[in-house]
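Just so it is clear, none of the values below were taken in a lab; they were calculated from the coordinates. Everything numeric in this text was worked out from a predicted model, so none of it was measured. Every residue, glycine among them, receives a Cβ derived from its backbone with ideal geometry; neighbour counts consider all protein chains shown.
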Amino acid sequence: MTYGITGNTTKDDLWPPVAEVVTWFRDHDHDFWIHEPIAAGLTERDLIAASVAEEHSITDVVQSGDLVLSFGGDGTLLRAAHLTGPNDTPLLGVNIGRLGFLADIEVEQLHEALEQIVAGQYTVEERLVLEAQANNPAHFGTEWALNEFVVDRSGSAGMIKIEVEVNGTPLNTYWADGLIVATPTGSTAYSLSTGGPIITPGVKAVILTPIAPHTLTVRPIVLPADSTITCRVMGEDQPYVFAADGRSSMFEDHGLQFTVQRASHTVNLVKLPDQHFFHTLRSKLMWGVRRSDDSS
C-alpha cells in the first residue's frame, strides 16, 4: 500500500507530527508520497533531508495514494476530499484544528493509528455526497458537496427569497438570511450552528436548514436522500453567495435555479476500531460533562 500525506501549511502545529510520520514510514519501509507544499515546508524547517523530499514529493498526492492522511481541521479534509474528485481514495483526518468532526484522530493518537492502519485494523465509511446542477451554465456547471450547499445573503444586504420544491412539489418560500442543504456529515457543521439537527452518518438523508428565517415557525426539515430538491433565488436584485463546502461564488442577479440530488460517488473516511460517532459527539460537544459545584 502507498500512503499519501497532505495538510494545511498555514498551521504552525502541522510540521512536527508530519515529520514524525515521514520518519515512521521510512523506518518501517512503507511507500509514501508527500504533497509538494508539505515536502517543501519540511525541508525549509530542516525536518527532513532535501533528498527525502525530492524522492517522495508529488503534486497529486491525494489521487496517487491508496490511503491519504490529511493533517489539519475539517476544512483541510474537505479540501483533500475535493482533490480526490469522484474516486474512492480513503481519507484519514488528523486533527490539528479546533473541533474536528471529520478529522477526528488527535495528534497524540497518531502512532497507534499508524500501527492499526498498517495492520489493516480499520474500516472505511462511505459518506453520502450531494450534487448541485444549475439550470443556467453561466451560473455554474455541476458542483458537489460532502458537507453542504449554502445560499447566503452577502454582507449588509437584506433577506433573500428562496423558493424550494421537493420532487416537483412546492415545499416553502424561505424569507431568510439564507438556506443550507446539508448531508448527515454536514449536520455537525454550518447546519448545526443555525439550529439544524444532528444526523448520524449512516442515515441516508438531506437536511434543509434556513438561516435566520423571518418567520419563526419555519424550521429545519429532514428529507430522504433520494429527493430531488429545486431551489430558486427570487426577489430584489441584491448580491448573494452560493457555496459548495465553503467554495463560494458571488451573484448579483436573482434567478439562480439549481437542483440538488444525491451524487453517484461517495467520500470514504477511514475509521479505527475505537472510533465511534457517538464518542466524537461526547468529546467534541462535551455531552455529559458537568461542572463541579464550586459554591460549597
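Below are the figures for this structure:
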item: Whole-Å semi-axes of segment 104-171's equivalent ellipsoid (Cα gyration tensor); result: 40, 18, 12
item: Extension gain (nm, one decimal) between Thr123 and Glu165, 0.36 nm per residue minus Cα-Cα; result: 11.4 nm
item: Debye intensity ratio I(q)/I(0), log10, the chain, q values 0.15 Å⁻¹ (C-alpha model); result: -1.12
item: Straight-distance crosslink candidates among lysines, where the alpha carbon sits under 17 Å from Lys271 and sequence neighbours closer than 8 are dropped; result: Lys284
item: Relative contact order, percent, the chain [alpha-carbon distance under 8 Å, six or more residues apart]; result: 17
item: Cα extents of segment 182-262 along the three principal axes, largest first (Å); result: 39, 28, 21
item: Contact order relative to length of segment 76-211, as percent, for alpha carbon pairs under 8 angstrom and 6 or more apart; result: 16
item: Long-range HN-HN contacts of Ala225 with modeled amide H, under 5 Å; result: Ala205, Val206
item: Ordering of 68-79, 161-172, 3-14, 136-147 by packing [mean C-beta count within 10 Å, highest first]; result: 68-79, 3-14, 136-147, 161-172
item: Average projection area in nm² (convex hull over Cα atoms of segment 195-236, one quarter of hull surface); result: 3.9
item: Mean separation of Cα contacts under 8 Å, 6 or more apart, over the residue count of segment 206-249: relative contact order %; result: 28
item: Mean projection area, nm², convex hull over Cα of segment 7-136; result: 9.2
item: Estimated vicinal HN-Hα couplings, Hz - segment 109-125 in sequence order (Karplus 6.51, -1.76, 1.60; Gly, Pro = x); result: 8, 5, 5, 4, 4, 4, 5, 5, 5, 4, 7, x, 8, 7, 10, 10, 8
item: Calculated FRET efficiency for the pair Ile198/His111, C-beta based, R₀ 25 Å, to 0.05; result: 0.20
item: Sequence-distant aspartates and glutamates (8 or more away, or on other chains) whose Cα lies within less than 12 Å of Lys161; result: Asp152, Asp177, Glu236, Asp237
